[in-house]
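Visitor: Just passing along the structure, written as C-alpha cells.
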Amino acid sequence: MSIQAYQNNSVETASPGELTLMLYNGCIKFIRAGKKSLENKDYAKKNEVLQKAQAIIRELMVTMNQDYAVADEVLPLYEYMLRRLIEANTQNDMEVLDEVEKLVTEFRDTWKQVLIQSRKAQYGTGGTA
C-alpha cells in the first residue's frame, strides 16, 4: 500500500474526532512550513502553505457543532486565529505565526485529551489519540 493510499484510507476510516485532530495537525504543519518559507524568503511558498492553514481554520469553523455551548467560546478564537494568519501572511510576520502556532497547538493538545477521555468513557480503556 502506498503512503498516499494509506493516508486516504486513514481519512476515510477516521472518526469525526480523529478528523478534527488531523485538521489541527495539518494546520500546525502548514504554519511551520510557512515559517520555514518565510525564513528562506520563499514568499510564494509561504503564501501557498499559509493559505492552506487558513483553509483548515475555516473548515474547523464551518464544521463546528453549534449545538454545544462551547461553540460560542471557540468560534471567536478561530476567527482570531484566521485573522492573525492572514495578517502574518500579508505582513511576513514571524511573531504572529509563532502566536497562532501556539494557539493551534493548545487546541490540538486539548482536543487529544478530549478524545482520550471519551474513549475511556466509551470503552473503559486508556486508548491513545
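Readers should treat all values here as calculations from the given coordinates under stated rules, not as data from a laboratory. It should be emphasised that the depicted structure is a prediction, and the values quoted were computed from it without experimental measurement. Glycine also receives a Cβ, built like all others from the backbone with ideal geometry; neighbour counts cover every protein chain displayed.
Yes/no matrix, rows are residues, columns are (1) buried (at least 18 other Cβ atoms within 10 Å of the Cβ); (2) out of contact with any Leu (no Cβ under 7 Å at 6 or more places or on another chain); (3) of a type outside the set (V, I, T):
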{"site": "S37", "(1), (2), (3)": "yes, yes, yes"}
{"site": "A53", "(1), (2), (3)": "yes, no, yes"}
{"site": "L75", "(1), (2), (3)": "no, yes, yes"}
{"site": "V104", "(1), (2), (3)": "yes, yes, no"}
{"site": "T110", "(1), (2), (3)": "no, yes, no"}
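Each row is one residue, and each column tells you yes or no for (1) in a helix (DSSP H, G or I); (2) within 16 Å of Y24 (Cα to Cα); (3) under 13 Å from the mean Cα position of the chain (by Cα).
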| site | (1), (2), (3) |
| --- | --- |
| L60 | yes, yes, yes |
| N65 | no, no, no |
| D72 | yes, no, no |
| Y80 | yes, yes, no |
| D98 | yes, yes, no |
| T105 | yes, yes, yes |
| T110 | yes, yes, yes |
| S118 | yes, no, no |
| A121 | yes, no, no |
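Visitor: Looking at I28, is it in contact (Cβ under 8 Å) with a residue 40 or more places away in the chain, surrounded by 13 or more Cβ atoms within 10 Å (Cβ to Cβ) and either hydrophobic (A, V, I, L, M, F, W, C) or not in a loop (DSSP other than H, G, I, E, B) (or both)?
Guide: It is true that I28 is in contact (Cβ under 8 Å) with a residue 40 or more places away in the chain, surrounded by 13 or more Cβ atoms within 10 Å (Cβ to Cβ) and either hydrophobic (A, V, I, L, M, F, W, C) or not in a loop (DSSP other than H, G, I, E, B) (or both).
Visitor: Do you know which residues across the range 81-129 are hydroxyl-bearing (S, T, Y), touching a residue at least 12 places away in the same chain (Cβ under 8 Å) and more than 18 Å from P16 (Cβ to Cβ)?
Guide: Scanning the range 81-129 gives a single hit, T105.
Visitor: From D93, D72, D109, D98, grab the single residue that is among the acidic types (D, E) and over 30 Å from L38 (Cα atoms).
Guide: The match here is D72.
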